[in-house]
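J.: Structure below; questions to follow.
The values are calculated or read from the model by the stated rules, or taken from the named source; none is laboratory data. Remember, predicted model here, so these are calculated numbers, not experimental data. So basically every Cβ, Gly included, is an ideal-geometry build from the backbone, and we count neighbours across all protein chains shown. With ligands, DNA and RNA removed, areas are computed over all heavy atoms of the protein, side chains included. Shrake-Rupley method; radii C 1.70, N 1.55, O 1.52, S 1.80 Å.
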Amino acid sequence: MATAAVKEEPIEEVDFETRFIMLCQASPEGITDNVIQKELPQCDTKQRMTIVNRLLSMGKIDLLKSGSKLLYRLKDPDSARQVKGGDNQEKLVYQIIKDAGNKGIWIRDIRFKCNLLLTQVNKILKNLETKKLIKAVKSVAASKKKVYMLYNLEPDRSVTGGAWYSDQDFESEFVEVLNQQCFKYLEQRAAAAREAKSDPIAQRNASFTPLEDVWKYISDLGISKVQLSKEDIETILNTLIYDGKVERSLVAGQATASGDGYVKLYRSVQPLIPTTGLMRMPCGACPVFDQCYEGGAVSPTTCVYMKEWLEI
Ligand code: SF4
């Protein structure tokens, strides 16, 4: 008996194109050529290249570099609208900067991702800055490092250094004032507790102050030009804990936005023993203490921390 041959319908390129776009939609971070080969095994190299070229020329996808591989990523219609009038390269750079969010992205990484020449990237960045679509922000991580982010974004604390930095400089005096004020407030609360209660246990319990109260006290003092968050005050209180001047207690409380469900309480304490001389000099907290010797890679003679400390 003759077997009936099954006639295979040729899959049109346009079908591949639709499936290609669907694959891109499923992976907004982009897909590699390997993924396309795996998902569309019937689509040969020539057809893939035709589709890629067509989508690139229509401005529907971006071609990015990830390591040694190329990534195809669906264009964000929003960024295309924002950079209206700009060419494809400008749209691509804008999209890369947008993806970096408020942590920003360094020019070297932009170049690496878009695979353009430095002169081209510089020109595009200038254009986007002039159009007020992006801005350059100096990072506290490195004095000469600028990161780029969308114009309307508030830079992340890791970029600005938060409240403790002003124009990349660490505000040591401001931190010191806050340190003193937080400690002063906790001491006042402890003194008030001592006066109000006769029982030492009740005195101790009453001297604990919630983080919220310390934060409110510092905010009401108006000594900061920037709005301090509770986390900022917690950082200051932590330094007091490390100095042995304050202790912290956690009590179960209402679940907070951070989800830990604890209330942090602080109280001033008298250190049981005074800080030793060694702990007040750089070597006391030096991470390379055991590798430090005369003639070594680090030595007391060449140590910058020691030099600074001796000049104080
Ligand atoms: S001299 Fe400098 S490098 Fe050596 S232990 Fe002291 S702080 Fe560290």
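J.: Name every residue in region 292-308 that is open to solvent by 100 Å² or more (accessible area, probe 1.4 Å) and more than 8 Å from the ligand (Cβ to nearest atom), in order of residue number. First the steps, then the outcome.
T.: Restricting attention to region 292-308, the residues satisfying the condition of being open to solvent by 100 Å² or more (accessible area, probe 1.4 Å) are 293-294, 297, 301, 305, 307-308.
Of everything in region 292-308, those that are open to solvent by 100 Å² or more (accessible area, probe 1.4 Å) and more than 8 Å from the ligand (Cβ to nearest atom) turn out to be Tyr293, Glu294, Ala297, Thr301, Lys307, Glu308.
J.: Say we look at region 155-183 and pick out the residues that are assigned to a helix (DSSP H, G or I) and under 15 Å from Gln227 (Cβ atoms); which of these is most open to solvent (accessible area, probe 1.4 Å)? Show your work before the answer.
T.: Of all residues in region 155-183, those assigned to a helix (DSSP H, G or I) come to 157-160, 162-164, 172-183.
Still in the running and under 15 Å from Gln227 (Cβ atoms): 157, 160, 162-164, 174, 178.
On the way: Arg157: 118, Thr160: 50, Gly162: 19, Ala163: 16, Trp164: 29, Phe174: 36, Leu178: 0 Å².
Residue satisfying both the conditions and the ranking: Arg157.
J.: Then there is this: Among the residues of region 126-154, which ones are surrounded by 17 or more Cβ atoms within 10 Å (Cβ to Cβ) and in a helix (DSSP H, G or I)?
T.: Asn127, Leu128
J.: Which of the residues spanning region 134-162 are among the β-branched types (Val, Ile, Thr) and more than 11 Å from Ile105 (Cβ to Cβ)?
T.: Step one: list which residues in region 134-162 are among the β-branched types (Val, Ile, Thr), which gives 134, 137, 140, 147, 159-160.
Matches in region 134-162: Val140, Thr160.
Residue-wise test of (1) assigned to a loop (DSSP other than H, G, I, E, B); (2) modelled with pLDDT of 90 or more; (3) exposed (fewer than 14 other Cβ atoms within 10 Å of the Cβ).
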residue	(1), (2), (3)
Asn205	no, no, no
Asp213	no, yes, no
Asp220	no, yes, yes
Ser224	yes, no, no
Gln227	yes, no, yes
Ile233	no, yes, no
Ile236	no, yes, no
Gly244	yes, no, no
Leu250	no, no, yes
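J.: Kindly check whether there is at least one residue in region 276-286 that is outside the structural domain of Ala192 (by TED's automatic domain parsing), over 24 Å from Glu171 (Cβ atoms) and away from the ligand (no atom under 14 Å from the Cβ).
T.: Within region 276-286, one or more residues are outside the structural domain of Ala192 (by TED's automatic domain parsing), over 24 Å from Glu171 (Cβ atoms) and away from the ligand (no atom under 14 Å from the Cβ).
J.: Search region 291-312 for residues that are more than 18 Å from Gly277 (Cβ to Cβ) and pair each with any residue that is aromatic (Phe, Trp, Tyr) and more than 7 Å from the ligand (Cβ to nearest atom) when their beta-carbon atoms are under 9 Å apart and the residues are at least 6 apart or on different chains.
T.: Ser299/Tyr293
J.: Tally time: how many residues in region 271-306 are of a type in the set (Asp, Glu) and assigned to a loop (DSSP other than H, G, I, E, B)?
T.: So the first thing to find is which residues in region 271-306 are of a type in the set (Asp, Glu), and the list is 290, 294.
Keeping just the survivors that are assigned to a loop (DSSP other than H, G, I, E, B) gives 294.
Number of matching residues: 1.
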